[in-house]
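Next up is a structure, given as structure tokens.
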Amino acid sequence: MFTRKARSRALLRTALLASALTACGGVLAGPAVAAAPTPESATNCGGSLTLGTATTADPNLLDYKFNCDYGISSYTLLVNRTVNDFTTVDDFSSTAGIFDATGTADPKQIFGCSGTLPGDGINCNAGAGGFLPAPEFTEGTVDTTDPYCANIPAGSPAGTQPEPTAVVQLVVTDTTGAEDGPFRLRLNGTCPVVHVVPKPKPKPKPKTKTKKHRARQSSAQHS
């Protein structure tokens with residue numbers, strides 16, 4: 001059994017040995033652990049937008065649909081019109097279904113979506129162990145604050161320029177953990193042409209007639 005003094009000396013020797021090994025670069029260090037490879041952003045995605053059926057609560061419904069060439073576990077949908085525009089989304093579907101090439105839904109796979117309202121995008125996750133396999137596709141809906149296409153708000157004065165068409169972009173996280181995108185989702189079809197009502201030309205001011213005053217002849221005659 002160690003005496004208190006012997007135990008103190010043993011602890012001191014252990015501490016000195018550890019310090020020496022550290023100074024020498026850790027001679028007794030364990031085998032190096034290889035770093036995990038960095039995920040490569042190589043997934044490609046594509047999709048489209050369709051104008052949805054308007055309702056009283058959601059007058060600007062926009063259906064989106066996309067798929068990727070590799071499995072993804074989550075995605076973000078961004079909707080913008082101009083710089084610093086953060087209120088483009090008014091509502092969205094809380095889930096997005098996953099479908100095969102025949103349009104049959106997969107009951108075991110679904111995305112749950114969330115976001116701030118009004119906002120400029122939504123985040124959707126497949127949950128633990130869930131993912132969208134390639135080449136299956138997902139479908140969801142967002143309701144934009146204003147119509148997706150370029151438009152002039154009703155009641156605007158003549159000469160008002162239309163606000164631009166919204167830009168919808170997709171960013172995904174694939175099953176390797178890499179983020180891929182953004183991918184532009186474009187509208188199926190074309191937006192209607194917006195006609196700007198020109199400002200009425202101001203009426204010219206009427207010309208004021210200047211009265212000519214005849215010089216009064218003096219009764220006095222110059223000699």
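Of everything in the range 59-88, what is β-branched (Val, Ile, Thr), more than 30 Å from residue 39 (Cα to Cα) and either without any contact (Cβ under 8 Å) to a residue 24 or more places away in the chain or not in a loop (DSSP other than H, G, I, E, B) (or both)? Give them in sequence order.
At the first step, the residues of the range 59-88 found to be β-branched (Val, Ile, Thr) are 72, 76, 79, 82-83, 87-88.
Filter again for more than 30 Å from residue 39 (Cα to Cα), leaving 82-83, 87-88.
Passing the criteria: only 83.
For residue 91, all conditions in the list (1) free of Cβ contacts under 8 Å to residues at least 60 places away in the same chain; (2) of a type in the set (D, E, K, R); (3) open to solvent by less than 40 Å² (accessible area, probe 1.4 Å) hold save one; what is the number of the exception?
Tallying (1) free of Cβ contacts under 8 Å to residues at least 60 places away in the same chain; (2) of a type in the set (D, E, K, R); (3) open to solvent by less than 40 Å² (accessible area, probe 1.4 Å), residue 91 fails exactly one: (3).
So, one more: Could you run through the range 120-142 and say how many residues are touching a residue at least 60 places away in the same chain (Cβ under 8 Å) and either closer than 18 Å to residue 171 by Cβ or crowded, with 20+ Cβ neighbours inside 10 Å (or both)?
First, the residues of the range 120-142 that are touching a residue at least 60 places away in the same chain (Cβ under 8 Å): 131-142.
Within this subset, residues satisfying the condition of being either closer than 18 Å to residue 171 by Cβ or crowded, with 20+ Cβ neighbours inside 10 Å (or both) are 131-132, 134, 137-140, 142.
Count: 8.
Within the range 107-114, is even one residue charged (D, E, K, R) and over 20 Å from residue 173 (Cα atoms)? First the steps, then the outcome.
If we filter the range 107-114 for residues that are charged (D, E, K, R), which is where we start, we get 108.
When the remaining residues are screened for being over 20 Å from residue 173 (Cα atoms), the result is none.
Looking through the range 107-114, none of the residues is charged (D, E, K, R) and over 20 Å from residue 173 (Cα atoms).
Condition first: open to solvent by 50 Å² or more (accessible area, probe 1.4 Å), under 21 Å from residue 136 (Cβ atoms) and more than 18 Å from the chain's Cα centre (by Cα). Now tell me which residues in the range 41-88 satisfy that. Explain how you work it out, then say what you get.
Kept after step one, since they are open to solvent by 50 Å² or more (accessible area, probe 1.4 Å), are these residues of the range 41-88: 41-42, 44, 50-51, 53-57, 59, 63, 65, 67, 69-70, 78, 82-84, 86-87.
With under 21 Å from residue 136 (Cβ atoms) added as a condition, the list becomes 41-42, 44, 50, 63, 65, 67, 69-70.
Across the range 41-88, the qualifying residues are 41, 42, 69, 70.
The values are calculated or read from the model by the stated rules, or taken from the named source; none is laboratory data. Predicted model only: the values in this text are computed from it and were never measured. Glycine gets a Cβ as well: all are built from the backbone with ideal geometry, and neighbour counts include every protein chain shown. Please note that ligands, DNA and RNA were not included when accessible areas were found on the heavy atoms of the full protein model with its side chains. Shrake-Rupley method; radii C 1.70, N 1.55, O 1.52, S 1.80 Å.
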